[in-house]
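The values are calculated or read from the model by the stated rules, or taken from the named source; none is laboratory data. Owing to the predicted nature of the structure, the values given are computational and were not obtained by experimental measurement. Because the Cβ atoms are built from the backbone with ideal geometry, glycine has one as well, and the counts that use them run over all protein chains shown.
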């Protein structure tokens, strides 16, 4: 009596449907990528299935609580909720045009993929919109709060459409568990919002009057960083939203490539996307927007190229350009109080590099104590080490051997060698031999005729003692960079074998002495032969100040070293943005077709940067930007926002300069990133890899 | 489920733990499979063509990929369904075989499945549908052959090749500088191509990327680029006329493969061992020096002492070079890979005109350029771009372009793109359908209709009215009997794909149709799906 198989299957399925509680849809796939982002961001759309009334009550409770503070984000979260109309908004009979039909069909099949059996019952859903906005953002008015709601209306409408009964076969879902897929509008919304949230997060740090952020790590010790460096802030965020990750990535690349402009690039990309979003809502296809953006970016770049100043030939002027750039870079940082001092330091340091971009050669030593003004650039080289006991504290006309060799227990390197002895005397003998070996080595080293020996690895007591006996200064455990720099400074080679003392190049310097900075003793090499490397000693009130000062100085050094290679400079203070915006606006007027909207939007996004700078300084941005725009109407105008005096001023007079390379990189990579995010119409998130060691 | 009983009325258990399994049979199984296949195709549909959109894929470790390359999307999609996996395979095999058209093949298969579903609803047996498809695909492939055109190019006149590569690149995010990238791709392929045998070994083209700079800075290097720097910071950064020793043995004390122990029990032994050790390094370096090498490239690490000795003897060295790079260097410089110091001879050294180190950006990142090699048959495409995802996507795009150029060198026939070939095939198949008596006729017509879905998707993605545009182009083709009319995706103003210079390779198109048909046939033949019902 073989029962008809299909019936049985059907029956079984019915039973399952009725009895077993449906696999609760905890996280609907559509919101997966965002909602599990505790630390990150942004806006989650959750759908909750099941009993209508209780959920509604629950949601009422939620909203009564008002905004909740989310510590990990440092932001407020406020749930909104909607209840869809009880009846289905669309009749089941098709009355659409062809494209709408297609759309509907597609939505219907989305459900097929997800295969949630209850989807067909048509029970209403409740949407929670968690919109986290950064409290630090001054620009809440432009936060797309209102607009978001209308988007959701649309979304809800679409979702309701999707709940129409589907008359096709149930299929197994295509993706693995936990993997999720977001399509079309939703995907675009998710990425726009993610990217904008990140941009808003760093927005308030832009410009000379930008504010800092406190970053607290979740790791052990909860170490705290205070910074307004965009790349540092973004690097420390745990971000789950893929579009936001793109922005973090461009900021990181900006940091690696030119060193400065890490905030601007993110803010510009965010503004481009914000403008793009408006265009998308007014039914302009993303591809059209991209085409417009490309034209605009090209035009903006040309506009900058037309206005660059190049003083490569005139060394004096070039140096003053560099000074101005350094000051402009530093004025947005913690060092702004002493920017002349630090700018001088940075320019000197970079000139010593002689065109190389290897910033490793500039050593930055941080010593708490004193004030920032006490920081100084040292012509020689400072090694943060102590001189061994009993060794000379001061050596004139030093001959230095820089080495990388084991001075602890010089093992036999032949594989598998081990000591096997049968009596104590032999142990003693071998120990003696080992000592002898070390002694030999020390003798060989001494044979170089040196009076200073710097080793990368440890030096044990025994050889140290030998060195002390010979009156040689032995410094152990200089880290690798220290060794390399020392090699660069003194002109010695880094040695590991000591058999031919005559041919090893030794380093030379006039004087080695121990110096005190604050409470610490350091070794100072002065009168070095090759001046490629140098040391900057930073002094400051606390570690946080020093860390931030180091980052700021690093930014300045990066920009300067890049500018030495590419000597084109521009004016600062929002001037380049206005120049670009003006050209782009003109292009928009000349361009026929829908693209011109996108080009116009690009110019608006550019203007957003001076606006933000003014906003952050607490100035009347609308007034200032309007004034600036009027000023720029005349050809060859040098007007920009002078944040210090709070008015529009001549940037050339004020000496506010920026490197062309930085501006170009900001423009191009922000456009590239915006383009990339705009092109996305679907987000597929894989299930997170399961961790074995998790509880 | 299937239950069988023996003569005593006891049930046999045929499937183990069958109550935990679900089973779909007959037409249900086919429909479920078709639905799954369609779902995959639908994901890719919007990525087709020059105005296709990208997909953002978030991997299991949170890494983000943005691409519109069909094969990549499917590969990273974390697919669980068996049929969907078949589609993934389909795209992958197109990628291996042709390298381009990975999206198109899936869209095509999806369309075929959709049409098949309709035929099944009519009550036509799946096998008959499959057979009809088979016949139709043969017709289509033959027709493609007929409408294909030979086009001529040679090493000096590679403009046509560049045009074809541009068609491929225009659908990618890199289309901003498709011209320069296409030129790079074509030059790279021509550099390594064996035009006599009409063969191209793409392994000889290395694609290297580094974030930073712009896309415009992407360059073709006639030589090898190694992401390494000199082992000792003070070695010379530039070597002219380098004689390169390529080693796969470490500059370290020897480690015999067999397990052994060296026992030290007397002071003398300790001393001898110590001496020997020093000698080892000395000999190693001496051997390299003796054969006249001026640069050592080694797969393994160096001992500190050996490193200094090398530096001391003025023998620049690079360590930890990967196996693939090592091979490429060997090919490019005409050297031999030497596994033991004893086997070093002057003949085995590779030669390069210039080896130099170049640093990038503000971080300490350096790369080694090996240029003007003895045998220039290995080239590197060095990609720069604003961010990591951009670089990855550019790599994939360049790969596609390289594949297209290679296919053209193998087979000079081209067909016209922009859906023109599909429309022509569709017309041919439709006309052929009437000649077949029997049920297959319907399947063949369905095939013709499925072929239309590719230009339809193109039109849709370009923001045109799909049905209007398609019917207009179709009637134009039929009226003038010219198979060059396609969808005007870029809004240039003409439907003539010859004017727009939109080509695709004949073998690529043929392969698309054949592969898609094969997979669809396979899916149609499945009539029983047994799976664990854990969800």
Sole exception among (1) at pLDDT 85 or above; (2) not in a helix (DSSP H, G or I) for residue A:347, by number: (2)
Output yes when any residue across the range A:278-288 is at positive phi and either part of a helix (DSSP H, G or I) or out of contact with any strand residue (DSSP E or B) (no Cβ under 7 Å at 6 or more places or on another chain) (or both), and no when none is. yes
Do the conditions hold for residue A:231, that is, is it in contact with a strand residue (DSSP E or B) (Cβ under 8 Å, 6 or more places away or on another chain), crowded, with 24+ Cβ neighbours inside 10 Å and on the phi < 0 side of the Ramachandran plot? no
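Just to check your reading of the model, which residue among A:259, A:270, A:292 is out of contact with any strand residue (DSSP E or B) (no Cβ under 9 Å at 6 or more places or on another chain), facing chain B (nearest Cβ under 9 Å), surrounded by 16 or more Cβ atoms within 10 Å (Cβ to Cβ) and touching a residue at least 12 places away in the same chain (Cβ under 8 Å)?
Among A:259, A:270, A:292, only A:259 is out of contact with any strand residue (DSSP E or B) (no Cβ under 9 Å at 6 or more places or on another chain), facing chain B (nearest Cβ under 9 Å), surrounded by 16 or more Cβ atoms within 10 Å (Cβ to Cβ) and touching a residue at least 12 places away in the same chain (Cβ under 8 Å).
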Note on residue A:297: of the conditions (1) over 25 Å from residue A:544 (Cα atoms); (2) crowded, with 22+ Cβ neighbours inside 10 Å; (3) more than 24 Å from the chain's Cα centre (by Cα), unmet is (3)
Go through the range A:485-515 and report how many residues are within 15 Å of residue A:534 (Cβ to Cβ) and touching a helix residue (DSSP H, G or I) at 6+ places or on another chain (Cβ under 7 Å). 3
Considering only residues that are in a helix (DSSP H, G or I) and more than 10 Å from chain A (Cβ to nearest Cβ), look in the range B:243-282 and name the one that is farthest from the chain's Cα centre (by Cα). B:272
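How many residues does the range B:222-237 hold that are more than 14 Å from every other protein chain (Cβ to nearest Cβ) and surrounded by fewer than 19 Cβ atoms within 10 Å (Cβ to Cβ)?
At the first step, the residues of the range B:222-237 found to be more than 14 Å from every other protein chain (Cβ to nearest Cβ) are B:222-228.
Those left that are additionally surrounded by fewer than 19 Cβ atoms within 10 Å (Cβ to Cβ): B:222, B:227-228.
So the answer is 3.
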Residue B:416 vs (1) closer than 30 Å to residue B:473 by Cα; (2) within 14 Å of another protein chain (Cβ to nearest Cβ): all pass except (2)
Would you confirm whether any residue within the range A:446-456 is in a helix (DSSP H, G or I), surrounded by fewer than 16 Cβ atoms within 10 Å (Cβ to Cβ) and modelled with pLDDT of 75 or more? no
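For the range A:539-550, what are the residues that are surrounded by 22 or more Cβ atoms within 10 Å (Cβ to Cβ) and in a helix (DSSP H, G or I)? Write out each step before concluding.
Just the residues of the range A:539-550 that are surrounded by 22 or more Cβ atoms within 10 Å (Cβ to Cβ), to begin with: A:540, A:546, A:548-549.
Selection gives A:546, A:548, A:549.
Any residue in the range A:326-340 that is in contact with a strand residue (DSSP E or B) (Cβ under 7 Å, 6 or more places away or on another chain), crowded, with 24+ Cβ neighbours inside 10 Å, more than 10 Å from chain B (Cβ to nearest Cβ) and in a helix (DSSP H, G or I)?
Narrowing the range A:326-340 to residues in contact with a strand residue (DSSP E or B) (Cβ under 7 Å, 6 or more places away or on another chain): A:328.
Keeping just the survivors that are crowded, with 24+ Cβ neighbours inside 10 Å gives A:328.
Remaining after also requiring more than 10 Å from chain B (Cβ to nearest Cβ): A:328.
Subset that is in a helix (DSSP H, G or I): A:328.
The answer is yes, given that some residue of the range A:326-340 is in contact with a strand residue (DSSP E or B) (Cβ under 7 Å, 6 or more places away or on another chain), crowded, with 24+ Cβ neighbours inside 10 Å, more than 10 Å from chain B (Cβ to nearest Cβ) and in a helix (DSSP H, G or I).
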Could you please give the count of residues in the range B:32-68 that are surrounded by 23 or more Cβ atoms within 10 Å (Cβ to Cβ), more than 8 Å from every other protein chain (Cβ to nearest Cβ) and at pLDDT below 85? 2
